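Nothing in this text is a laboratory measurement; each read-out follows from the coordinates by a stated rule. Bear in mind the structure is a predicted one, so any value in this text is a computation, not a measurement. All Cβ positions, glycine included, derive from the backbone under ideal geometry; neighbour counts span all protein chains shown.
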Amino acid sequence: MELEADSQKTKVWVYLFVFSITFYASIQVINWQFRNLSSTILGIVELTCIVSMLFCGRKLFNEFEFESHYFKFIYFLFFTYQIVIISRGIPHNYPTFKYNLQSDFLLWPSIIPLAVFMGKNDHTFFYFIKSFYFLCIGFLLFSLINPFLITQRITAETYVHTFAFTSAFLLLNERFVSKKVSVLAFISLIVAILSFTYLARRNGIASYVGLLSMGLYFIVRRMNVSTIIKLFPIVVGAVILLLLATQDFLPKITGKLNERLNEDTRSDVFFNFFKGMKDDMIFGKGLNGSYYSPISEVLTDDGVVYGEVEYRNVIENGYLQLLLTGGYINIVLFLLVMLPAALLGVFKSSNQLSRACGIIIFLWLVDMTVYGMPRLVMQYVLVWMAVGVCYQKSYRQMTDEEIQVWFKEVGLI
């Protein structure tokens, strides 16, 4: 009974954590939907989400046993360097402190790596996976009720990344979940891809096509040859019918993408970035590092407003953001943590869950070459939880049958 009560408490902490971080990431979307909301009210809501998230995260920290001496050593170096980065940008006034706390890409990427300690005990990680199912349902439901969320750039990127990314993890674990869960996860990724295609978000298309492809690869991999042969003509027929049915609709979806396919929107910013970083490439500029790259206030044709700035503290590229705050040392330490975890998960695992964790890490590393901003969203928390799983030999050595028992106990089968 005591173990069952502890498990129920864990479930509550997990769901509240996921709700808090998801609601926090959605605040700007809510503000865009309901204009003229009080900045005071928004600030209180943000602070409440942050406090709730930190409290629940602390409750979910486990007595993590380092099963890899390499991971223990390199993680200690990496996290120590994150503290150095933070200390080099400690705010000396309240407005700057508030900005650091509320910005999702400044302070939080240095704290989120603590998520490696959140998924080891009992049902914790599996309750997180169950929560991804609720995010999947929420994504499809809200998209159906309010298509504006996925058809307008001002809301789509934040909304899709917040709700749909974790659906990929469900699809990567399709052998453990019910067909209903797999189908909903598949539909979520398709909707995300269509949204990014319509809005010509090239980095989003690449990311979600990669996630969908790996999920489908796992499904096809488990099929026997006779099943594949039987399904092949059905799939071909369905594709032909789909193309015929959408021949007038498809150009509307891909119109913006065709216009922007070869458009270069970042060269000038990158040039300014490297010019401003020439003396700080090794150690970076710290937590509040910035570079000179002026922009006048611009209203784009898709409703996005760029405020007038002279110095920027964001570069919209994961690796360059690491470079800005911590230099080459930050990137090297980050990769020394991430790459071995991905390799262990994909190639040194006896179960599909660990392989899925390795693939999530690997695809995130690829995504960071085009965008992939480390920030306070569930997808980045999931990446670090996956790191914790991949470095645990005890997790990697579990069989699929043993893993399936856990999925059954949290109600995903």
Taking 0.36 nm per residue of sequence separation and subtracting the Cα-Cα distance, how much length would be gained by fully extending the chain between residue 409 and residue 59, in nm to one decimal? 123.9 nm
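What does the extension gain come out to for residue 347 and residue 103, with contour length at 0.36 nm per residue minus their alpha carbon separation? Present the calculation step by step, with values, prior to reporting the outcome.
On the way: separation 244, 0.36 × 244 = 87.84 nm, distance 3.66 nm.
Contour length minus the Cα-Cα distance gives 84.2 nm.
If r is the Cβ-Cβ distance from residue 267 to residue 67 and R0 is 41 Å, what FRET efficiency results, to the nearest 0.05?
Details: r = 45 Å, r/R0 = 1.09.
It comes to 0.35.
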Modelled FRET efficiency - R0 25 Å, residue 30 with residue 134, Cβ distances, 0.05 increments: 0.85
Quote the charge dipole size of the range 32-187 about the Cα centre in Debye, to the nearest 20; the model charges only the Cβ of Lys and Arg (+1) and of Asp and Glu (-1). 200 debye
Say R0 is 25 Å: what FRET efficiency, to the nearest 0.05, do residue 402 and residue 187 get from their beta-carbon distance? 0.25
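Please give the contour-minus-distance gain from residue 142 to residue 370: 0.36 nm per residue of separation, less the Cα-Cα distance, rounded to one decimal in nm. Intermediate results must be reported in sequence, preceding the final value.
Numbers: separation 228, 0.36 × 228 = 82.08 nm, distance 2.77 nm.
Contour length minus Cα-Cα distance gives 79.3 nm.
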Positive-end residue, the range 9-86 charge dipole about Cα centroid, Cβ charges, pick of 27, 69, 37: 37
With 5 Å bins from 0: P(r) over the range 317-363, alpha-carbon pairs, percent: 5, 24, 22, 16, 14, 10, 6, 1
